[in-house]
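The values are calculated or read from the model by the stated rules, or taken from the named source; none is laboratory data. Just so you know, these numbers come straight off a predicted model, no measurement behind them. Please note: Cβ atoms are built from the backbone with ideal geometry, for glycine as well, and neighbour counts cover all protein chains shown. When the accessible area is computed, the model is the full protein with side chains, heavy atoms only, and any ligands, DNA or RNA have been set aside. Shrake-Rupley method; radii C 1.70, N 1.55, O 1.52, S 1.80 Å.
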Amino acid sequence: MKKNVYFLSDAHLGSRAIPHGRMQERRLVRFLDSIKDKASAVYFLGDMFDFWFEYKLVVPKGYTRFLGKVSELTDNGVEVHFFTGNHDIWCGDYLEKECGVIMHRKEIVTEIYGKVFFLAHGDGLGDKDKKFRFLRWLFHNKAAQTLFAAIHPRWAVDFGLNWAKHSRMKRVDGKEPPYMGEDREYLVLYAKEYLETHPEINYFIFGHRHIELDLMLRRDSRLMILGDWINFFSYAVFDGEHMFLEEFIEGQSQP
Ligand SMILES: [Mn+2]
């Protein structure tokens, strides 16, 4: 029997806007523990950390349970893919070297059990918001990154965590806007357009929007948005045949 492939995103670990941070990290770790023998691969599709800035010889405090569990999985031969999101762009080589993950800094197209997957965090794909696009450009800018790294972490990391907190708190209830519908949701629009020139894609999987969406684009092409690990504790699982969007409820047996 084939082993499962799992997809999840947007835990925003360490967020100053999430009061249940420790519980959230423990739940994520229990989930990873529950799938470790069933999984051939796990894809983290971005924003697992609320703010991660890595210096040459220093990484942020915290996250030890999560990082330990990820290392356990990779030590046991589970392939763990780690996509940077728009909150943890500034990953260096620490997670690769220390935890054995495979880093992805942008979208990829890959084949899994004979199906073609388009995988991305989702920021910057089809989103036309000017302010967001400017910040995205600035955050990815090498010179800006070098300058930021020269600020003492006492201020830099504190600034980053507060920036991430405020970007969450300015939303109603700290939540993302609900699904905007097929003709307005920018990731759906992006996927539909992409599909026209790349008809081979069977699955588009995104994070970033913090909504759960499972949408047929064509008879043999499907789009999923993964929810998050703040409110939904949701993930997608592919067994080589079928794809499900699930929520991790403790004490239930999971696919
Ligand atoms: Mn995001």
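Residues being free of Cβ contacts under 8 Å to residues at least 40 places away in the same chain and touching a strand residue (DSSP E or B) at 6+ places or on another chain (Cβ under 6 Å): count how many of those fall in the stretch 102-148.
6
For residues that are more than 14 Å from the ligand (Cβ to nearest atom) and of a type in the set (Phe, Trp, Tyr), tally how many sit in the stretch 122-139.
Residues in the stretch 122-139 being more than 14 Å from the ligand (Cβ to nearest atom) and of a type in the set (Phe, Trp, Tyr): 2 in total.
Being away from the ligand (no atom under 16 Å from the Cβ), surrounded by 19 or more Cβ atoms within 10 Å (Cβ to Cβ) and under 30 Å from Glu241 (Cα atoms) narrows it down to one residue among Val29, Val70; which is it?
Selected residue: Val70, the only one of Val29, Val70 that is away from the ligand (no atom under 16 Å from the Cβ), surrounded by 19 or more Cβ atoms within 10 Å (Cβ to Cβ) and under 30 Å from Glu241 (Cα atoms).
Please enumerate the residues belonging to the stretch 200-255 that are of a type in the set (Phe, Trp, Tyr) and crowded, with 17+ Cβ neighbours inside 10 Å.
If the condition is that a residue be of a type in the set (Phe, Trp, Tyr) and crowded, with 17+ Cβ neighbours inside 10 Å, then Tyr203, Phe204, Phe206, Trp229, Phe232, Phe233, Tyr235, Phe238, Phe248 are the ones that fit.
Within the stretch 73-104, take every residue that is more than 16 Å from the ligand (Cβ to nearest atom), among the β-branched types (Val, Ile, Thr) and out of contact with any Ser or Thr (no Cβ under 8 Å at 6 or more places or on another chain) and give me the one that is farthest from Ala144 (Cα to Cα).
Thr74
Between residues in the stretch 48-77 that are of a type in the set (S, T, N, Q) and residues that are in a loop (DSSP other than H, G, I, E, B) and open to solvent by 20 Å² or more (accessible area, probe 1.4 Å), which pairs lie under 8 Å by C-beta distance while being six or more apart or on different chains?
Filtered contacts from the stretch 48-77: Ser71/Gly100; Thr74/Gly100; Asn76/Lys36.
Whether any residue in the stretch 57-67 is within 16 Å of the ligand (Cβ to nearest atom), over 23 Å from Tyr203 (Cβ atoms) and not in a loop (DSSP other than H, G, I, E, B) is what I want to check.
Checked against the condition, which is being within 16 Å of the ligand (Cβ to nearest atom), over 23 Å from Tyr203 (Cβ atoms) and not in a loop (DSSP other than H, G, I, E, B), the stretch 57-67 yields no hits at all.
Considering only residues that are open to solvent by 20 Å² or more (accessible area, probe 1.4 Å) and part of a helix (DSSP H, G or I), look in the stretch 73-110 and name the one that is farthest from Asp50 (Cα to Cα).
If we take residues in the stretch 73-110 being open to solvent by 20 Å² or more (accessible area, probe 1.4 Å) and part of a helix (DSSP H, G or I), then Asp75 is farthest from Asp50 (Cα to Cα).
Taking only the stretch 1-38 into account, find how many residues are in a helix (DSSP H, G or I) and without any contact (Cβ under 8 Å) to a residue 12 or more places away in the chain.
Number of matching residues: 3.
If you scan the stretch 140-170, which residues turn out to be open to solvent by less than 40 Å² (accessible area, probe 1.4 Å) and either among the acidic types (Asp, Glu) or under 20 Å from Asp10 (Cβ atoms) (or both)?
Result: Gly160, Leu161, Ala164, Ser167, Arg168.
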